[in-house]
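**Q** I have a structure I would like to understand better, so I am pasting it below and will then ask my questions one at a time.
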Amino acid sequence: MLLDRQIPSLNPRFAIFFACGVALLLFAIYHITLYTEHGPFYKGNVGSRVGSHAPASEPKTAVSQPNQPKPKPTLEETIRELFAPIKHKDFVSSFTDPTGTVYTHNNNIWTEPLGKDLLIVDVDTRYPEQMFDPSKRVDWEHLDTDNLVTEAVFNHYLYATIHNYSYLFYRPIPVPGHHKTWPKVHSISNLLPQYKFVVFLDADATIRHLHLPFEWLLNRWNVTRRTSFTMARDPLDDDCNLCDKYGTAMVNTGFVIAQNLPYTREIMDVWMACTAGGTRYGAECGKWKEEWAHEQSVFSDYLRYDYNPEGDNIRELNCGEANGFPGHGWYDPVDCNGKFIRHHTFVKDRTKTTTSEAIMQAFIDIMKTNFAKVGGDIVVSEEKEKKKATPKPEVKQEEDKEGEKAHEQAHNRRSAIWHEPLKRSEVS
């Protein structure tokens, strides 16, 4: 053997054992390196899409040593942990709002968390300096309708973070010759290929129940696996102020759910191209470039009728589910009070109020949950404290009496021995 020629002093049997040992050692080293950081089968950490519309790998987490302090949690992690005790437990069971109203549904379509595959997006050409400029402070008390974007970011970002959804503030390029509401359409189109769902909300729309998962809402609204778009209707008043050309209440594009499907892309392409006159709707569609209700009229007058062959490709919600707010003459008579999404189209300064109410209600629920757990530790009754402070008379225990009796008997025995006369044998 080659090994015998190189080491002639070894006998053949020892050489065989030696060769086998070296082979096993090399085999072990090879398999160890396969699964170490630089090996070909190392998997590393799975990437995520937090605050971005493209996958990004997370930094590698170092193995913590016993004496090393744990890394501080991020803001997102802190928010999720804070809200965890009050999050609705699943996507199916009934939900009770703070007034005691119970909401139910019978659908079990969405059973797994969508996580980062669901995007909550704000689309606006305006830049919320108070939110993103570190040199400026947010003065919440004096925010007005000029700061709707700032108010929206608070509500939408917080909701997305609680449920581990993706969030983006998207600044689009204006569409030449079109009203400023049109960029939302091509923005949704640009973002949709990277997610399963894109949920767009206007700057004057707020999510009421921050602890209620969006998967629960998708089930309640019967958004199926083939539903391309979901929107809420506008209120239908006697004068039909918010109607399409057929006299039907329009759908409102202030809240849009788009699902990433091939058919959604087809609808989206027609929606974006309609005003150019190159679709089946001809030049008639061109008036919606600047004329109210802009992109909303295109969807309401044409698309919802022509692109809903199965009846659930486009889902129209009752106005009260995801539009309107209490206290308005158009909304109250038709119960359009925004049970889950409130949209303040006509009284925009109410946006700050509902944002504050949603956040405050969530924190009250969190505090209430904690108080229920620790109430016995922080609630003090003066009457009970006085009873504790009153000194009680000492009561002799039975064992103390027995001890005293035994001590007395021992003392008597010692006295008797001391006074007893000595025997003669004991005298020296």
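The values are calculated or read from the model by the stated rules, or taken from the named source; none is laboratory data. Note that the structure is a prediction, hence the values are computed from the model and not measured. Note that each Cβ is placed from the backbone with ideal geometry, even for glycine, and that neighbours are counted across all protein chains shown.
**Q** Residues to consider are LEU303, LEU218; find the one that is farther than 21 Å from ALA152 by Cα, part of a helix (DSSP H, G or I) and under 31 Å from the mean Cα position of the chain (by Cα).
**A** The match here is LEU218.
**Q** Of the numbered conditions (1) modelled with pLDDT of 80 or more; (2) surrounded by fewer than 10 Cβ atoms within 10 Å (Cβ to Cβ); (3) not acidic (Asp, Glu), PHE340 fails exactly one; give the number of that condition.
**A** The number of the failed condition is (2).
**Q** Could you give me the residue pairs with C-beta distances under 6 Å whose first residue belongs to segment 99-111 and is farther than 23 Å from ARG225 by Cβ and touching a residue at least 60 places away in the same chain (Cβ under 8 Å), whose second residue is in a loop (DSSP other than H, G, I, E, B) and acidic (Asp, Glu) wherever it lies, and which are 6+ apart or on separate chains?
**A** Matching pairs, first to second residue: none at all.
**Q** Going by what's in this entry, would ASN155 be described as at pLDDT below 85, closer than 23 Å to GLU357 by Cα and assigned to a helix (DSSP H, G or I)?
**A** no
**Q** Tell me, yes or no, whether segment 231-241 has at least one residue that is over 22 Å from PHE154 (Cβ atoms), outside any loop (DSSP other than H, G, I, E, B) and charged (D, E, K, R).
**A** Within segment 231-241, one or more residues are over 22 Å from PHE154 (Cβ atoms), outside any loop (DSSP other than H, G, I, E, B) and charged (D, E, K, R).
**Q** Also: Considering segment 342-357 alone, what residues qualify as being out of contact with any strand residue (DSSP E or B) (no Cβ under 6 Å at 6 or more places or on another chain) and closer than 15 Å to HIS209 by Cβ?
**A** Within segment 342-357, SER356, GLU357 qualify.
**Q** I would also like to ask the following. Scan ASP238, ASP202, ASP234 and give me the residue that is without any contact (Cβ under 8 Å) to a residue 24 or more places away in the chain and of a type in the set (D, E, K, R).
**A** ASP238 is the lone residue from the list that is without any contact (Cβ under 8 Å) to a residue 24 or more places away in the chain and of a type in the set (D, E, K, R).
**Q** Using the structure shown, decide if TYR167 is part of a strand (DSSP E or B) and not small (Gly, Ala, Ser).
**A** So TYR167 fits the description; yes.
**Q** While we're looking at this one, here's another question. Inside segment 105-148, can you point out the residues that are buried (at least 21 other Cβ atoms within 10 Å of the Cβ), aliphatic (A, V, I, L, M) and either modelled with pLDDT under 85 or out of contact with any Ser or Thr (no Cβ under 9 Å at 6 or more places or on another chain) (or both)?
**A** LEU148
**Q** Then there's this: Do you know which of the residues in segment 279-300 that are in a helix (DSSP H, G or I) and of a type in the set (A, V, I, L, M, F, W, C) is nearest to GLY177 (Cα to Cα)?
**A** TRP288
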